[in-house]
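Worksheet: the structure to be examined is printed underneath.
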Amino acid sequence: YPAIWIEGASCTGCTESFAQVDAPDPATVVLEMVSLNYCETLSAAAGWSMEEAKAQTIEAGNYILIYEGAVLEGWNGEALRVANEPGTDHLVHAAENANAVVALGSCAVNGGWMGANPNSAGALGVQQYLKKQGIDTPGINIPGCPPHPDWIVGTIGLGLQGLATNTLGKV
């Protein structure tokens, strides 16, 4: 099942947590459970070839979006830029066509510590930001700083099973 894993404003702790999972190991997850078509940290590719892979996955549809880190809406989304675009644009573009959005870690769920006052970058959680943008893609929140690796793999596995059986909202 295709997956896009986007890093927002994060310390990459959720990715590091995922890398520590025992069973199934990370290689099994990304090679057999999902087709990780885009991930800034775990992909062998880099640069524009990765951005092209993400664009092709979005265009084809039928994928899951995993978003790690807070969404920074401050300064018109310019607080975080990726591939010469505001980070908020990457999230919106990927979330609009996703079958589900997994908000991975406390930062992605509610803005985390970056959302505390004073918060000049406008950090907030994925679902809150998508709601403000009028995007109603089903969401799964996995809080924790970082979340336990078993929670990550278990949720992704259950989410994919729910997508395959059209029962995501009941998972």
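A few notes on this one:
- Identity of the residue in segment 15-55, part of a helix (DSSP H, G or I) and farther than 19 Å from Asp150 by Cα, that ends up nearest to the chain's Cα centre (by Cα): Lys54
- From the list Gly47, Gly69, Gly77, Gly61, the lone residue that is in contact with a Pro (Cβ under 7 Å, 6 or more places away or on another chain) and of a type outside the set (Phe, Trp, Tyr) is Gly77.
- Pair list, Cβ under 9 Å, 6 or more apart: segment 120-141 residue under 19 Å from Ala9 (Cα atoms) and hydroxyl-bearing (Ser, Thr, Tyr), other residue modelled with pLDDT of 95 or more and in a loop (DSSP other than H, G, I, E, B): Tyr129/Ile135
- Filter result for Ala3 (in contact with a strand residue (DSSP E or B) (Cβ under 8 Å, 6 or more places away or on another chain), open to solvent by less than 10 Å² (accessible area, probe 1.4 Å) and not in a loop (DSSP other than H, G, I, E, B)): yes
- Qualifying residue in segment 108-119 (condition: within 15 Å of Ser10 (Cβ to Cβ), under 12 Å from the mean Cα position of the chain (by Cα) and β-branched (Val, Ile, Thr)): yes
- First in segment 1-14 and more than 17 Å from Gly144 (Cα to Cα), second anywhere and among the small types (Gly, Ala, Ser) and buried (at least 24 other Cβ atoms within 10 Å of the Cβ), Cβ under 7 Å, 6 or more apart: none
- Ser17 vs. criteria more than 19 Å from His90 (Cα to Cα) and small (Gly, Ala, Ser): yes
- Residues being of a type in the set (Gly, Ala, Ser), touching a residue at least 40 places away in the same chain (Cβ under 8 Å) and either crowded, with 21+ Cβ neighbours inside 10 Å or closer than 24 Å to Gln128 by Cα (or both) - total across segment 31-76: 3
One line per residue, one yes/no per condition, for (1) assigned to a helix (DSSP H, G or I); (2) open to solvent by less than 20 Å² (accessible area, probe 1.4 Å):
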| residue | (1), (2) |
| --- | --- |
| Thr88 | yes, yes |
| Val92 | yes, no |
| Val102 | no, yes |
| Val109 | yes, no |
| Trp113 | yes, no |
| Thr137 | no, yes |
| Pro146 | no, no |
| Ile152 | yes, yes |
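The values are calculated or read from the model by the stated rules, or taken from the named source; none is laboratory data. Remember, it's a predicted structure, so these values are computed and weren't measured experimentally. All Cβ positions, even for glycine, are placed from backbone atoms using ideal geometry, and neighbour counts span all protein chains on display. Note: areas computed on protein heavy atoms with side chains; ligands, DNA, RNA excluded. Shrake-Rupley method; radii C 1.70, N 1.55, O 1.52, S 1.80 Å.
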